[in-house]
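Everything on this sheet refers to the single structure shown next.
The values are calculated or read from the model by the stated rules, or taken from the named source; none is laboratory data. Every value quoted in this text rests on a predicted model; they were computed, and no experiment measured them. All Cβ positions, glycine included, derive from the backbone under ideal geometry; neighbour counts span all protein chains shown. Areas reflect the complete protein model, heavy atoms only, side chains present, ligands, DNA and RNA absent. Shrake-Rupley method; radii C 1.70, N 1.55, O 1.52, S 1.80 Å.
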Amino acid sequence: MTVQRAVVIGGSIAGLCAARALADYFDRVTVLDRDTYPAGPAERAGVPQGRHVHALLARGRRELERLFPGFERRMLAAGAHEIDFGRDFATLRGAGWMAREESGIATLFASRTLLETIVRDLLRAVPRVELLEHAAVTGLVAERRRHPRVRAVRLADGELAAELVVDASGRGSKAPAWLGALGLEPPAETVVDSHSGYATRWYREPEPARWPAEWWWKGIWVDPQEPEHMTAGVLFPVEGARWIVTVAGIAGHYPPSDEAGFGAALARLRSPIIAHAVSLAEPISPVYSNRAMANRFRHYERWPARLDGFLAVGDSVCAFNPVYGQGMTTAAVAACILADCLARVGPTSPTLPPTFFRAQGRFLGEPWSLATGADFRFPGTAGERPALIGVFNRYTDALFAAAADDAELRRLVGEVINMLRPPAAFFAPRVLGRVALASLGRVLQPAAAAPVPALPAA
């Protein structure tokens with residue numbers, strides 16, 4: 001049985017996915033966005049980060065196909081690249097270039113605008129869903145009962161009634177202020193900020209005749225290495241024979257935003273591989289910058305207040321440092337968690353918000369630990385450090401070092417990064433044993449330090 005209306009605030013990936021989950025339970029699902037949607041895969045003001053690299057992890061690909069059957073087919077038909085990261089990327093980690101091998105994990109590489117356009121078009125085909133533009137929400141309207149319950153959202157020209165409201169408005173969510181206006185204490189927040197920044201430029205990829213035959217890679221990933229190299233670089237292939245090239249600076253080492261400075265930053269990376277590649281390509285954009293990269297977790301999963309008929313998803317709840325590529329995947333997974341909770345307790349049950357928030361919080365805790373754990377490696381990272389973060393990071397350093405010579409551990413790392421397995425898998429007895437043996441071997445037979453080649457093996 002369906003009920004009258006659900007309202008989703010925000011029409012980006014998190015809101016679109018949540019709307020799809022709600023469409024099976026409400027007579028109408030209305031997605032409100034203050035922006036205007038482009039006719040095709042084009043930039044829009046409400047998603048300024050869309051110009052930068054975006055990663056859809058393997059788990060996100062799977063969950064988007066679950067929510068929107070036909071998603072994968074539409075993406076590939078529109079030019080998305082199906083990439084095996086281990087086979088198709090030249091990847092420079094701490095110890096050197098990763099061996100080229102099949103990982104068995106296929107991911108989709110495309111622009112954020114293409115992915116969002118396809119998801120939005122698939123949602124528009126779902127009965128009972130409507131997308132309203134130029135609709136800025138200014139507050140929540142609640143009934144004053146023993147426990148308050150949302151009954152509408154407030155717009156510039158009046159109110160829109162709703163039995164359920166989902167905040168998917170992103171990092172800049174006004175929900176904490178809206179809750180305060182209703183007399184409710186907003187949820188506690190945890191912020192971890194490594195003072196990172198992005199600079200991105202788009203390129204037209206070179207003609208095949210200009211690409212050296214021995215350069216087998218389709219994409220490039222160059223990690224930083226403290227303290228000499230405090231910037232990382234990536235080159236992602238996307239639809240339309242284009243590349244997105246990004247330099248990411250850590251610990252306050254923000255990359256330059258001018259064209260000459262951007263090129264110089266590429267040349268200063270640990271390897272000149274990206275600089276060599278773009279020297280063959282045609283730049284087709286200015287340099288775009290972003291420094292809004294702090295991790296922020298609003299803890300609705302332990303929120304002591306209560307507002308029936310109110311949920312929050314996506315960056316409105318948990319925004320990650322985007323360098324780790326977790327946002328779109330966690331948004332898709334959260335929508336599937338919402339679908340499961342709706343099936344279990346029903347769309348208007350007062351137990352839906354706490355049930356969903358707890359389930360979402362349990363899931364988000366895993367990518368949060370990976371993202372913030374990585375950020376706490378850097379000097380000057382702001383935020384309350386977990387008691388054992390030093391031990392955690394030393395162990396993961398040893399795990400990644402062991403994985404360089406252990407195919408089983410490399411597969412595990414890929415599965416955890418792609419959210420196909422939980423981070424707890426890193427601490428399974430078999431894994432602990434393999435890491436310990438590898439670490440002991442390096443102590444007993446230390447290898448002589450060798451310079452890292454400028455380019456990976458052909």
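Things to note:
- Of the chymotrypsin sites (Phe, Trp or Tyr not before Pro) found in segment 160-239, the ones in coil according to DSSP and having at most 15 other Cβ atoms within 10 Å of their Cβ are Trp216.
- Computed on protein heavy atoms with a 1.4 Å probe, the accessible areas place Thr91, Thr348 in the order Thr348, Thr91, largest first.
- Given their separation in residues at 0.36 nm each and the Cα-Cα distance between them, Leu437 and Ile389 gain 15.0 nm when the chain is fully extended.
- Fraction of antiparallel bridges per DSSP, the chain only, in percent to nearest 5: 70
- 3J(HN,Hα) from dihedral phi, segment 146-154, Karplus parametrisation 6.51/-1.76/1.60, rounded to Hz, x for glycine, proline: 4, 10, x, 9, 5, 10, 5, 10, 9
- Low-density loop cleavage sites - trypsin sites (Lys or Arg not before Pro) in segment 132-192, where at most 11 other Cβ are within 10 Å (DSSP): Arg144, Arg145, Arg146
- GluC sites (Glu not before Pro) within segment 360-443: DSSP coil, no more than 15 neighbouring Cβ in 10 Å: Glu384
- Summing Cβ point charges (Lys, Arg +1; Asp, Glu -1) relative to the Cα centre of segment 238-302 gives a dipole of roughly 420 debye.
- Pair-distance profile P(r), taking every C-alpha pair of segment 244-395, with 10 angstrom steps and integer %: 9, 29, 27, 20, 11, 4
- Extension gain, Asp157 back to Leu420 (0.36 nm per residue minus Cα-Cα distance, nm): 90.2 nm
- Per-atom-type breakdown for the chain gives carbon and sulfur 55% of the accessible area (1.4 Å probe, protein chains only).
- Dividing the alpha-carbon radius of gyration of segment 199-299 by the rule-of-thumb value 2.2 N^0.38 Å gives 1.13.
- Three-way shape label, segment 409-458, alpha-carbon gyration tensor, a/c 1.5: oblate
- Distances between placed amide hydrogens fall under 5 Å for Ala142 paired with Arg151, all partners being 5 or more residues away or on another chain.
- Amide H within-cut-off set for Val31, under 5 Å, with H built and near neighbours excluded: Val8, Glu130, Leu131, Leu132
- Amide hydrogen neighbours beyond the local backbone of Arg242, cut-off 5 Å, H modeled: Glu205
- Calculated from backbone phi, Karplus (6.51, -1.76, 1.60) coupling profile of segment 119-124 in Hz, x at Gly/Pro: 4, 5, 5, 5, 5, 4
- Longest to shortest principal axis, alpha-carbon extents of segment 359-458, angstrom: 45, 32, 31
- Rounded to whole numbers, the Karplus 3J(HN,Hα) couplings from phi for segment 301-314 are 5, 10, 5, x, 6, 9, 9, 5, x, 10, 10, 9, 9, x Hz, using 6.51 cos²θ - 1.76 cosθ + 1.60 with θ = phi - 60°, and x at Gly and Pro.
- Stokes-Einstein translational diffusion, segment 134-289 - Kirkwood Rh over all Cα pairs, 0.692 mPa s, 37 °C, in µm²/s: 169
- Segment 40-176 - Rg and Dmax from Cα coordinates, angstrom: 20.1, 62
- Compared with the dominant Cα axis of the chain, that is its longest principal axis, helix 389-403 is turned about 50°.
- Taking every alpha-carbon pair within the chain, the share separated by more than 28 Å comes to 53 percent.
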